[in-house]
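Q: A single structure is presented below for examination.
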Amino acid sequence: MLDQLESDYNCSNAGEDLHNLLQEAEQLRSRSGASQEDREQLNRIENQIRFIRNKCSIPGES
């Protein structure tokens, strides 16, 4: 997960950042019996993914 996303996020980092965030999200989703902490972490990661896609005009997956 990225430490901090700001409104001045540099979209030139989006490819690598999205790749890493998507991998982290998939790892959390694949855990059986996810804890509340895991679900909260997944929510934060998914929010970061949406922020980057929105900020950088990157279409999401269907």
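The values are calculated or read from the model by the stated rules, or taken from the named source; none is laboratory data. Just so it is clear, the structure is predicted and the values come from calculations on it, not from any experiment. Quick reminder, even Gly has a Cβ in these numbers, built from the backbone with ideal geometry, and neighbours come from all protein chains shown. Note: areas computed on protein heavy atoms with side chains; ligands, DNA, RNA excluded. Shrake-Rupley method; radii C 1.70, N 1.55, O 1.52, S 1.80 Å.
Q: Considering the dipole of the range 1-56 built from charges on the beta carbon (Lys and Arg +1, Asp and Glu -1) around the Cα centre, which of 33, 12, 52 is farthest to its positive end?
A: Selected residue: 33.
Q: So, one more: Compute the helix-to-body angle for 36-55: its Cα long axis versus the longest principal axis of the chain, expressed 0 to 90° and rounded to tens.
A: Tilt relative to the chain: about 20 degrees.
Q: Over its Cα atoms, what ratio of radius of gyration to 2.2 N^0.38 Å does the chain give?
A: Cα Rg divided by the expected 2.2 N^0.38 Å: 1.14.
Q: Scan around residue 2 for amide H atoms under 5 Å from its own, H built in the peptide plane at 1.01 Å from N, and keep only partners 5 or more places away or cross-chain.
A: Here nothing satisfies the definition.
Q: Ignoring ligands, DNA and RNA, what percent of the accessible area of the chain is carbon or sulfur (1.4 Å)?
A: Numbers: 1880 of 4530 Å².
About 41 percent, which is the carbon plus sulfur part of the accessible surface.
Q: About its Cα centre, how strong a charge dipole does the chain have in debye, to the nearest 20, once Lys and Arg get +1 and Asp and Glu get -1 at the Cβ?
A: On the way: 7 positive and 12 negative charges, 48 e Å.
Roughly 240 debye for the chain.
Q: Averaged per residue, what accessible area in Å² does the chain show with a 1.4 Å probe, protein chains only?
A: That works out to 73 Å² per residue.
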